[in-house]
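**Q** Mind looking over this structure? Questions follow.
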Amino acid sequence: MPAGDWSVGWIDTRRPPAYYGLAKNRLAALGRVLARGYLEIIRNTPLLVQLFFVYFVMAPILGIQAFPSAVLALNLFEGAYALEIFHSGIVSVPRCQWEAARSLGLSTWQVYRFPQTLRWILPPLTG
């Protein structure tokens with residue numbers, strides 16, 4: 001198997017939770033509802049049930065083989081946990097630091113790149 005398959009799977013697992021983590025915290029109500037629904041559905045079903053669902057239901061519809069369906073199921077499962085990690089990192093920054101960053105003239109997207117947020121996000125993502 002080419003090494004690119006694993007790197008694409010890792011990138012796909014990390015990118016959507018970052019967006020959903022932002023949506024869960026600050027963005028529109030529709031984004032919060034979608035993020036919350038994704039989180040509740042994925043985290044409240046066992047991984048084996050998700051693997052069976054993706055392989056026996058979604059794989060024939062999408063026309064994919066066994067290995068890509070397993071990667072898809074694991075990406076969805078890991079993505080839900082990564083969403084919670086991103087959310088907890090954003091919430092961990094004290095309110096006074098948010099206000100200080102806004103008073104310095106930082107935009108909303110610059111504020112999300114706090115080193116304090118990364119300090120809480122990186123250890124669980126690498127562990």
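Every number in this text was worked out from the coordinates using simple rules, so none of it is lab data. Keep in mind the model is a prediction, meaning the values are calculated, not measured. We place every Cβ from the backbone using ideal geometry, glycine too, and count neighbours over all the protein chains shown.
**Q** What FRET efficiency do you get for residue 91 and residue 47 if R0 is 30 Å and r is their Cβ-Cβ distance, rounded to the nearest 0.05?
**A** Efficiency computed from Cβ-Cβ geometry: 0.70.
**Q** Follow-up question, since we're still on this one. Between residue 57 and residue 104, with labels modelled 7 Å along Cα→Cβ, what's the label distance in nm to one decimal, could you check?
**A** Going by the 7 Å Cα→Cβ label model, 4.7 nm.
**Q** Let me ask another. Listed highest first by mean packing, meaning other Cβ atoms within 10 Å per residue, what order do 94-103, 33-42, 75-84 come in?
**A** 75-84, 33-42, 94-103
**Q** Gain in length, residue 65 to residue 126, computed as 0.36 nm per residue apart minus the alpha-carbon separation, to one decimal in nm?
**A** Roughly 19.1 nm would be gained on extension.
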